[in-house]
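Right, one structure below, let's go through it.
The values are calculated or read from the model by the stated rules, or taken from the named source; none is laboratory data. Since we're looking at a predicted model, the values are computed, not measured. Counting neighbours? That spans all protein chains shown, and the Cβs are built from the backbone with ideal geometry, glycine included.
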């Protein structure tokens, strides 16, 4: 009997200690809760977004979490302070987390309700994020938004360059605010070895590199880079609603160029001894290794290039033209934008949208440009003197203007296109062997357009 | 005869040396790269061209990418709690199953073994949602809970060890009027040092090596909250790897330090623990 009573008391004690633990940690977690998932906050999203216009401060603190990339952390911290000062009547508890734009989609989609209220992401992730309900429809919030900031969503979008607006819009609704452009690639060249005229064409570039005893490099085994040859020739790639990709690269493009001709153009570049086919993710290393005098890469490699060649020798230009079916064809590229979105599952959609706007407006974009040389999408910011004088941005913008195509491909796009690039880089396809090239293109298109399981 | 033996010995050692060098190459590379002056991935040389200590200094900088001090303290804190709680759980379950005779003993042990056959990651999603419902995601308490909660299931080796302790000791203690707790703490524990050490090491290691649960539970993106494994993983992100790869290697070297120290201290018990527990299972 005694034993049974003891057992009962023990069991009760265990239960009690469990509850004690969970309550104490509850209060704990709301103090430092990361993901804005505290249910205790009585402000529902609708109430806050509806009457926040009147500067509603019912005394409660608004909890917001912002995710920005590593490079932005310092200046985002400053901007968040500015934001709090801008709305002194409302008390905020804003936390800043780290999430790269490139991987935002993966992290957010793991559990959108635990993700940040405001987060930065790359424009090619928009479709998936909207489909998962992880982005709030800002157009629907426009009135409440105007009440606080004085601008409607359309007014704000009108301040940004056209391409970025298109990248942030889906089915006519705005889902994100553009924060930067220039997510593309262009040509770096060593001015001491190569002239501005040489980089106009791949032929000129390669012969100049050969004369200098150096090499010109580009990544061939990645669809992101090698797709540029096809895009420049007028081919297209687009994604359907179900996530499959349309690709016409084994046919004839709108410009009357066949896919085979494009591949032959690529082969003649790859087979040139002055060309170095760089493996994906190995660009920075190869630049530092010192064998290159020209390389196709993006703004992220600026510091590596400057270290290798000396800042005064670094030249930047839009991508060269390449010989294709006897003509010179401008090499294109995918372009992308960086966007700031509001989580559709946020408890504070209204304030989150206001914060997102604050983090992407003209002065924020100027600060971001100063911090990490990211091209602004805000028209006024992109016309600022410092930005206009930046050669690298000029090259990036010129490349976009020449033939940047908004990246819009599904997940099946990458492996087959990388394989084709690898075949070309290794010299397994030969100019003139049209059958083999056509077969390789057909295989690639079949792989890319395959249904998504 | 003697020469034959000699040749055999030489062959054996050559094979061993080869195996050891294969096994050591990645570790040598990691340590060498952690001193590299070139911040990104260097695939052209095995040994860095210029050496520097800056990676170790940068690792403890206040940068949000290299916030190693906070991560290290977080992991250390979790590991210490885990170490104590898991060890207690494991040893207590092992004691109960080894020394007490009760009706459900066999079925419970069978269930435990079967549960142990399932990989822990299977429960990942449900663990996440339960923690979220309790508001324990993004807390170190939640993470510690996950690490400790199932540790009782790892009792088998400890039970095997306890089975080798003479029953008569317990019986004598019982006759002298000792309670179960007293028998456990004053008679059995001092006799079972090797297995306790083994349990301590393995439960201390869990938080240092776990990535999956930590990444899932600490998902707020606030780098002060992270453990070492998430923080180091974050350095390998596409936009960061070119400036943080050598620092990442330095982090890898430093992580191994507390584990090595613990191991060196407890090494002599460790061997006893595994072999002793495995003799009779």
query = Looking at the range A:257-279, which of the residues that are out of contact with any helix residue (DSSP H, G or I) (no Cβ under 6 Å at 6 or more places or on another chain) and over 17 Å from residue A:434 (Cα atoms) is modelled with the lowest pLDDT?
reply = A:279
task = Could you tell me whether the range B:181-190 includes any residue that is part of a helix (DSSP H, G or I) and within 14 Å of chain A (Cβ to nearest Cβ)?
result = yes
request  = Could you please find all residues in the range B:232-244 being in a helix (DSSP H, G or I), at the interface with another protein chain (Cβ under 10 Å from one of its Cβ atoms) and buried (at least 19 other Cβ atoms within 10 Å of the Cβ)?
outcome  = B:234, B:242, B:243, B:244
remark   = Of the candidates B:98, B:86, the one satisfying the condition of being under 21 Å from the mean Cα position of the chain (by Cα) and away from chain A (no Cβ under 14 Å) is B:86
request  = Scan the range B:34-73 for residues that are assigned to a loop (DSSP other than H, G, I, E, B), within 12 Å of another protein chain (Cβ to nearest Cβ) and surrounded by 13 or more Cβ atoms within 10 Å (Cβ to Cβ) and report the count.
outcome  = 13
ask   = Would it be correct to say that residue A:440 is surrounded by 15 or more Cβ atoms within 10 Å (Cβ to Cβ), under 30 Å from residue A:315 (Cβ atoms) and modelled with pLDDT of 80 or more?
value = no
ask   = Quick one: how many residues across the range A:354-393 are within 23 Å of residue A:188 (Cβ to Cβ), within 19 Å of the chain's Cα centre (by Cα) and in a helix (DSSP H, G or I)?
value = 8
note = In the set B:254, B:222, B:265, B:274, the lone residue that is modelled with pLDDT of 80 or more and within 30 Å of residue B:163 (Cβ to Cβ) is B:265
Matching residues, the range B:208-221, being in contact with a strand residue (DSSP E or B) (Cβ under 7 Å, 6 or more places away or on another chain) and either more than 11 Å from chain A (Cβ to nearest Cβ) or in contact (Cβ under 8 Å) with a residue 24 or more places away in the chain (or both) = B:220
key: Selection from the range A:240-261 of residues that are surrounded by fewer than 20 Cβ atoms within 10 Å (Cβ to Cβ) and in a helix (DSSP H, G or I)   = none
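Residue-by-condition table, conditions (1) part of a loop (DSSP other than H, G, I, E, B); (2) free of Cβ contacts under 8 Å to residues at least 40 places away in the same chain:
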| site | (1), (2) |
| --- | --- |
| A:186 | no, no |
| A:194 | yes, no |
| A:199 | no, no |
| A:225 | no, no |
| A:231 | no, no |
| A:235 | yes, yes |
| A:238 | no, no |
